[in-house]
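K.L.:
Mind having a look at this structure? Questions to follow.
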Amino acid sequence: VQLQASGGGLVQPGGSLRLSCVASGSIFSFNAMGWYRQAPGNQRELVGRIMSGASTLYVDSVKGRFTISRDNAKNTMYLQMNSLKPEDTAVYYCYSVENGSVNWGQGTQVTVSS
C-alpha cells in the first residue's frame, strides 16, 4: 500500500491547515497511522498517531492544537492543525503500521510565516 500526503502550504501564524494522507488500498487493517515532521537541521519527530481503535496520542507541543482522525471508508487519515506557530514549520510525513511493518508516505511542506 502506498501513502500520499498532501495539504501543506504557507500559512500565517495562528492559521490552520489540514493535511491528508491517502492510502492506495484499505486502511482498515492498519494497526496505527500517524504523522512525523522534520524541520531543517532537526531530527524527525513524532507529531501524533491514531490507533485502529481510534485512540490518539500527541507530542506535548501540539496537544490542544492538532487533531488526527481517520476515515476508513475513504482510506484517508487527516491532520487538522490549528493555531499554527512558526515552530511548526517542517516537512510532514505520514506513516502506517500493519503487522509490524512500517510504511512511509512522501513529505508535504508546511511553512508558518508572516
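K.L.:
Could you run the Debye sum over the Cα atoms of the chain, one equal point scatterer each and no solvent, and tell me log10 of I(q)/I(0) at q = 0.19, 0.21 Å⁻¹, two decimals?
P.N.:
-0.93, -1.12
K.L.:
Still on this structure, I have one more. In segment 25-102, carbon and sulfur make up what percent of the accessible area (probe 1.4 Å)?
P.N.:
The nonpolar share, carbon plus sulfur, comes to 48 percent.
K.L.:
Over the chain, what is the relative contact order in whole percent, taking alpha-carbon pairs under 8 Å and six or more residues apart?
P.N.:
37
K.L.:
Find out how many positive minus negative residues lie around Met77, taking Lys and Arg as positive, Asp and Glu as negative, among other residues whose Cβ is under 14 Å from that of Met77.
P.N.:
In short, +2.
K.L.:
Residue-wise, which Karplus ³J(HN,Hα) couplings in Hz belong to segment 92-105, taking 6.51 cos²θ - 1.76 cosθ + 1.60, θ = phi - 60°, and x for glycine or proline?
P.N.:
With the stated coefficients, segment 92-105 comes to 9, 10, 9, 8, 9, 10, 9, 6, x, 9, 9, 10, 10, x Hz.
K.L.:
Among the trypsin sites (Lys or Arg not before Pro) in segment 19-113, which ones are in a DSSP loop with at most 16 other Cβ atoms within 10 Å of the Cβ? Mind listing them?
P.N.:
Within segment 19-113, the qualifying trypsin sites (Lys or Arg not before Pro) (loop, at most 16 other Cβ atoms within 10 Å) are Arg44, Lys63, Arg65.
K.L.:
Can you tell me the equivalent ellipsoid semi-axes for segment 51-114? Use √(5λ) from the Cα gyration tensor, largest first, whole Å.
P.N.:
23, 14, 11
K.L.:
With a 1.4 Å probe and all protein chains left in place, how much accessible area per residue does segment 14-114 have, in Å²?
P.N.:
Normalised by residue count, the accessible surface of segment 14-114 is 50 Å².
The values are calculated or read from the model by the stated rules, or taken from the named source; none is laboratory data. Here the structure is a predicted model, which means the values were calculated and not measured. With ideal geometry, Cβ positions are generated from the backbone for all residues, glycine too; neighbour counts draw on all protein chains shown. Protein only, heavy atoms only, side chains kept; ligands, DNA and RNA dropped before computing areas. Shrake-Rupley method; radii C 1.70, N 1.55, O 1.52, S 1.80 Å.
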